[in-house]
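Scroll down for the structure; my scribbles are underneath it.
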Amino acid sequence: MLRSLSMLTLAASLALAGCATSSPDVISRHDAQRMSTVLDATVLAVRAVTVDGSQNGTGGVAGGVVGAVAGSSIGGRRDSVVGGVLGAVAGAVVGNAIERNATREDSLEILVQLRNGDRRAIVQAKGSETFQPGDAVILVTTGNKVRVARAFGAAPADNTSAPLPRPLPGTRGG
């Protein structure tokens with residue numbers, strides 16, 4: 001019984017891990033074939049951040065079911081009811097924790113400066129591209145989602161030769 005409980009927990013964890021992503025390399029079906037707005041920008045700074053995992057209840061429900069089944073196999077009829085209830089509660093707590101950890105993402109906060117001097121900060125999951133200060137990038141906005149991508153044909157910045165852009169006088173960038 002313990003072995004089957006472990007297998008169910010592992011299966012639930014793997015299912016939850018694939019539920020959602022904010023990776024810039026993955027485009028949702030809803031965003032395909034939609035026109036996006038593109039703005040040119042230059043990277044000012046990049047820092048690693050962690051996007052906290054979500055808890056939409058799926059982990060709690062799955063954990064509660066697994067815990068109830070496992071707990072109900074304890075002892076006789078009366079003990080199995082109590083064991084099932086306690087197992088469900090414990091399973092729900094564990095399931096929520098698994099869901100939260102499985103949906104946590106290593107991400108980047110990318111501070112950019114637009115051509116008009118305005119600055120923007122975008123948080124996105126780490127993707128296949130890396131960014132450094134001075135890199136030419138584009139901000140792609142589809143609906144209310146924004147992602148940063150390397151500008152077409154732009155090579156990574158050589159940080160030793162080019163100074164960072166300065167905001168234009170009278171703009172909100174400085």
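Values as computed for the structure displayed
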item	result
Checking G91 against (1) more than 18 Å from A48 (Cβ to Cβ); (2) modelled with pLDDT of 90 or more, the condition it does not meet	(2)
Wholly enclosed strands (runs of 3 or more DSSP E) of the range 81-152 bearing at least 1 residues on the phi < 0 side of the Ramachandran plot, exposed (fewer than 15 other Cβ atoms within 10 Å of the Cβ) and touching a strand residue (DSSP E or B) at 6+ places or on another chain (Cβ under 8 Å)	105-114, 119-125, 136-142
Test set (1) within 28 Å of V51 (Cα to Cα); (2) modelled with pLDDT under 75; (3) more than 17 Å from the chain's Cα centre (by Cα) - G76 fails condition number	(1)
Condition met for R104 (modelled with pLDDT under 90 and of a type in the set (K, R))	yes
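The values are calculated or read from the model by the stated rules, or taken from the named source; none is laboratory data. Everything numeric here is computed off the predicted structure, so don't read it as measured data. Backbone-built Cβ (ideal geometry, glycine too); neighbour counts: all protein chains shown.
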